[in-house]
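Written out below as structure tokens is the structure these notes cover.
What follows draws every value from the coordinates through simple rules; no lab data is involved. Here the structure is a predicted model, which means the values were calculated and not measured. Reconstructed Cβ throughout: ideal geometry from the backbone, glycine too, with neighbour counts over all protein chains shown.
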Amino acid sequence: MMAGTYRRQTDMPSHVVQFTQYLRSQDFDISLREEFDYLKAFSKKIPTSYEEQEALCKALFVKNRKEFLRFDELYTTYWNRLALAEDSKIKEDKKPHKNRYENPAVSLKALKKWLHGGRMEETEEIASYSVFESLMQKEFSLFAEQDHKDLRAVIRVLALRLANKDKRRFISSKKRHNIDLKNTIRESLKSGGEIKTFKYHRRKKKKLNLFLICDVSKSMELYSKFFIEFMYNFQHIDHNLKTFVFSTQLVHISRLLHEGDFDAVLENLSEAVPQWSSGTCIGKSLSQFITDYSRQLNKGSTVLILSDGWDSDDLDILDESMAYIQRKCLKTIWLNPLAGNPEYLPVTKGMQTCFPYIDVFMPLYNLESLKKLTQHL
Amino acid sequence: MLEQQAYVSDSSIATSIYLSMLLKKPLLIEGPAGVGKTEIAKVIADALDTGLIRLQCYEGLDANQAIYEWNYQRQLLYLKMTERMDISVQEKESDIFGEEYLLERPLLKSIRAKTPQVLLIDEIDRADEEFESFFLELLSEWQISIPEIGTIKAESIPYAIITSNRVRELSDALRRRCLYLWIDFPSFDKELEIIIAKVPNINKTLAEQITTFMGSVRQMKLEKLPGVSETLDWATALASMHIDHLSKEVVESTLGIILKDWKDIRDTQLSLDELFEKVGVQQKMK
């Protein structure tokens, strides 16, 4: 929010509305209920100091750790800007201000152009008796607009397969497929050993504890749209999946992937990830991942990193972070789109640093390779 | 209120507790393990001189263990006893699904108490995600629906404290119904204050050295960072051993009190010289 777009208000409700609008513009999830709560609390106990007022707002408007850590800075910024702002009674300046949506990241524009067929003329026509057969072998960077519908269908099937793996354990079920003998007999004891009702069970679904971290730096530009598409479909099937993208810093995108259709998601991502297609700091991003999410990592977690391993960052941080992830998780899988080339060797410094800590290293450049990935999860 | 119970807090903690009580909204507390999240519930219960009802969450926890369960044995006994009596099936049914046969579990117990109790839902992140939905009705409407009986409204609204160690992300629906508080590892001054408040017989120099040392250990990349509870255990142990300052031998022999992972202990032992140097430098700077 720019300094000129909000004003000093003369009553508390207007102030609260304006401040919550500011917080919402900073991605805080605040509903009307919190605004009412604030006014209710304010009517019971009027804050006597700046700190008390801040603590009151913080307790009511913050809903997670990320917001908690950002709040103090945003609060100070807001009130500092407000001190420079005009009173609400002064007539509004009609000068049109620049729309922040006008200039999304150039690279993302290219990405969308590709999505909407900009690359169609570049693609080759491959004659094949089966659409899916040809799709499975086709490199992601060569996908054309008309392939996307089929591509999504295949990704969805693969994601479904991943999300619906069975465990060894059983749980009771209402579907009358498999009789649960143990519980049927136990139940029959109530009626003196006479079996009156059957109990049924099914295999418990395996909950994948997956963390997907995707590189969206410049060097990955050709592949990142496909990976986002994969993450989008997978996220919609498995709500437990945690998805992240990084270039110079890490951004958690699980929630964004749920907002609207794929085009809307791309639109939202362009705002949420301003460093799209910039440089790469894998070490710094993974270190950020550890700081914020290491509590969620355990010996059942699998971390999937999708990157070509080009890193312009301090390799010591990368080494430290990869070692930590390997210690904390069940499996670290590195998917490299360049590894599909038979002559590829992981000679980049970033890749060499990571290699000792990777449990599975495999190429991911077409649907066939994606299918192979399902064997490792 | 918190000070009376020797709980060292700050404005953020105090305001959140105050608002939680004022607005009758649950307080969701997140933070690393051992920073005093659960302690807040105990402190509130003691300060208000009311009962503490605790629901310890774990994987597989279900509504029967958290909300209510029917007393099946008693129901069977009743059916057996009334076998030869002239009672219709409908009557029997309404009898055995009456409140007499209802076993209260923590959540139901908390809303049926005559006076407001402190309800501690501990480590909710350990429970399955589906289980969170059981809480939603309770936390927003303060009522529980039991199909056989109907809706039971709260006789008194409990002071609900929910803690999470962030093993998994909690749902937005749950977050929206709560006030949020993040408790991080304390600053030097706050941790020192906590040690002096909780371990009154400790030597002040030792307390300062322990605080500085713990601050430095938390800067290391360890599997499990020690919390305030570990600091207090360590301080209590050293004070009861009549130790008045930290030495390398003392730290090496008592490292198991603050670190609970063999690799963490090994890494810390290897970095002891460096850590002591830091403690010395920071002590001089104070």
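Built from the Cα atoms of segment A:239-289, the convex hull projects on average onto 3.6 nm², one quarter of its surface area.
Label positions at B:F188 and A:Y50, each projected 7 Å from the Cα along the C-beta direction, are separated by 2.5 nm. The residue among B:L48, B:L138, B:Y159 whose Cα reaches farthest toward the positive pole of the charge dipole of chain B, with charges on the beta-carbon of Lys, Arg, Asp and Glu, is B:L48. The peptide list A:337-346, B:111-120, A:221-230, A:16-25, put in order of mean Cβ contacts within 10 Å with the highest first, becomes A:221-230, B:111-120, A:16-25, A:337-346. Take the Cα of A:R327, step 7 Å toward its Cβ, do the same at A:W79, and the gap between the two points is 4.1 nm. Let me know the mean shielding of B:172-181 by other chains, meaning the per-residue number of their Cβ atoms within 10 Å of its Cβ. Taking the mean over all residues of the peptide, I get 4. Computed about its Cα centre, the charge dipole of chain B is approximately 540 debye, with only Lys, Arg, Asp and Glu carrying charge at their Cβ.
The Cα-based radius of gyration and maximum Cα-Cα distance (Dmax) for segment B:32-88 are 20.3, 61 Å. Shape summary: the protein assembly as shown maps onto an equivalent ellipsoid whose semi-axes, from the alpha-carbon gyration tensor, are 43, 38, 31 Å in decreasing order.
With viscosity set to 1.567 mPa s and temperature to 4 °C, compute the Stokes-Einstein D of segment B:91-239, Rh being the Kirkwood radius across alpha carbon pairs; µm²/s, no decimals. If you can, show how the numbers build up before the last one.
Working: Rh = 19.0 Å.
The calculation lands on 68 µm²/s.
Averaged over the residues of A:52-58, the number of partner chain Cβ atoms lying within 10 Å of the residue Cβ comes to 4.
Taking a span of 30 Å or more along the helix axis (Cα atoms) and a mean Kyte-Doolittle hydropathy of at least -1.0 as the rule, no DSSP H helix of chain B qualifies.
Beta bridges assigned by DSSP with both partners in chain B are antiparallel in approximately 30 percent of cases.
Using the alpha-carbon positions of segment B:1-53, Rg (one decimal) and Dmax (whole number) come out as 10.7, 28 Å.
Averaged across the residues of B:16-25, what count of C-beta atoms belonging to other chains lies within 10 Å of each residue's C-beta?
Mean shielding by partner chains, rounded to a whole number: 4.
Exactly which trypsin sites (Lys or Arg not before Pro) in segment B:1-75 are in a DSSP loop and have at most 16 other Cβ atoms within 10 Å? Of the trypsin sites (Lys or Arg not before Pro), the ones in loops of segment B:1-75 whose Cβ has at most 16 other Cβ atoms within 10 Å are B:K24. The value given for segment A:245-377 is a Kirkwood hydrodynamic radius of 15.7 Å, derived from the mean inverse Cα-Cα separation. Note on the protein assembly as shown: antiparallel DSSP beta bridges, both residues inside, total approximately 30 percent of the bridges counted. GNM remark for chain B: springs join alpha carbons under 10 Å apart, and the peak mean-square fluctuation among B:E93, B:E141, B:E30 falls on B:E93. Between B:E223 and B:M81, the contour length at 0.36 nm per residue exceeds the Cα-Cα span by 45.2 nm. On the basis of the beta-carbon distance and an R0 of 60 Å, B:M1 and A:E343 show a calculated FRET efficiency of 0.30.
Go ahead and estimate [θ] at 222 nm for the protein assembly as shown from helices alone: -39,500 (n - 2.57) per DSSP H run with n ≥ 4, summed, over the residue count, rounded to 500. Result for the protein assembly as shown, helices only: -14000 deg cm²/dmol.
Among B:M241, B:M21, A:M220, a tally of other beta-carbon atoms within 10 Å of each Cβ gives an order, fewest to most, of B:M241, B:M21, A:M220.
Note on B:Q56 and B:Q143: the model spin-label points, each 7 Å out from Cα along the C-beta direction, lie 3.3 nm apart.
If packing is taken as the mean number of other Cβ atoms within 10 Å per residue, what is the order of A:325-334, A:291-300, A:210-219, highest first?
On the way: A:325-334: 18.9, A:291-300: 15.4, A:210-219: 22.4.
Descending mean neighbour count gives A:210-219, A:325-334, A:291-300.
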